[in-house]
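I have placed the structure first, in the form of structure tokens, so that the comments after it can refer back to it.
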Amino acid sequence: MSRMLLTQESFHMFEFFKRLVSSSPRRNDDVVLLVDLPELHAPPATQRSVAAGSLSEPATTPCADVPARTRARRRKTGRQHIAPTPFESALASHRARLLAMRLEHLNLCPPTRCSQLAAIGIITAGDLVYSEPVKVAATFRSPERAERAIRRYRAAIKLALGIESMMPRDALLLVAIHRRSVASVARESAAQLHRDLERFSLSSRGSKLIGGRNVPSLRRVKSWVASCREMVEAASARSPQMARQAA
């Protein structure tokens with residue numbers, strides 16, 4: 001009995017839905033249901049583009065929006081990509097080559113001291129620049145004297161890193177006559193700087209530092225001064241505040 005009732009109810013339900021969706025004219029005994037459905041709002045443009053695209057093709061934004069967002073991000077962060085000049089590229093190559101050179105090839109310090117530094121793991125110029133002078137000097141017999149020498153070597157390497165045509169053994173002479181930065185060399189006259197180097201070579205300390213070499217020529221000194229001035233001018237054009245700090 002229950003199975004028959006279920007069958008009849010299913011039949012009546014089927015007939016009801018058939019009349020609901022059929023296009024036949026309405027009869028007097030038909031029942032009409034009024035359903036209030038909510039309105040469907042149109043999806044955003046990004047959702048429509050994702051829905052319309054296939055799964056293998058991810059949704060992308062128009063190319064015209066990318067530069068605008070990039071410019072807005074650069075204005076927000078204050079960072080802009082500036083392509084390096086040929087001078088800056090050559091200077092970067094000079095720095096990388098100089099930092100990778102071994103200390104004995106730089107002729108910066110005596111062979112005995114190079115061996116002592118190599119024994120504690122300081123082999124290249126980069127190792128010496130990024131080391132701590134106090135800890136390095138503690139391994140020598142006279143720590144105070146060794147620390148002063150190591151600081152001079154580090155200052156010479158750092159100065160040579162900023163001037164493309166300079167080696168640390170030449171920069172050591174400039175450090176000895178109190179020219180320790182690129183800005184200080186840029187303020188000098190090439191002729192006056194060359195005369196100071198010649199006078200220093202006549203002293204006992206200067207002759208010891210120069211050894212069997214000659215004083216750098218006036219032509220080389222002019223190239224150093226020109227390179228330093230170019231660097232200072234480029235730095236002042238990009239960031240006047242940094243140029244004042246470097247000076």
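Quick rundown of the values:
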| quantity | calculated |
| --- | --- |
| Full-extension gain in nm, ILE177 to ARG219, via 0.36 nm per residue minus C-alpha separation | 13.2 nm |
| Mean accessible surface per residue for the stretch 93-241, computed with a 1.4 Å probe while every protein chain stays in place, in Å² | 55 |
| Virtual spin-label span in nm between GLU144 and GLU233, 7 Å along Cα→Cβ | 4.7 |
| Inter-label distance, nm, simple model (7 Å from Cα along the C-beta direction), ALA226/SER184 | 2.4 |
| Within the accessible area of the stretch 101-247 (1.4 Å probe), percent carbon and sulfur | 51 |
| Gain upon complete extension [ARG97, ARG151; 0.36 nm per residue less C-alpha separation] | 17.3 nm |
| Given charges at beta-carbon only (K, R positive; D, E negative), |dipole| of the stretch 171-242 in Debye | 200 |
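The values are calculated or read from the model by the stated rules, or taken from the named source; none is laboratory data. In this text the structure is predicted, and so the values were computed from the model without any measurement. Here the Cβ is made from the backbone with ideal geometry for all residues, glycine too, and neighbour counts use every protein chain on show. Areas reflect the complete protein model, heavy atoms only, side chains present, ligands, DNA and RNA absent. Shrake-Rupley method; radii C 1.70, N 1.55, O 1.52, S 1.80 Å.
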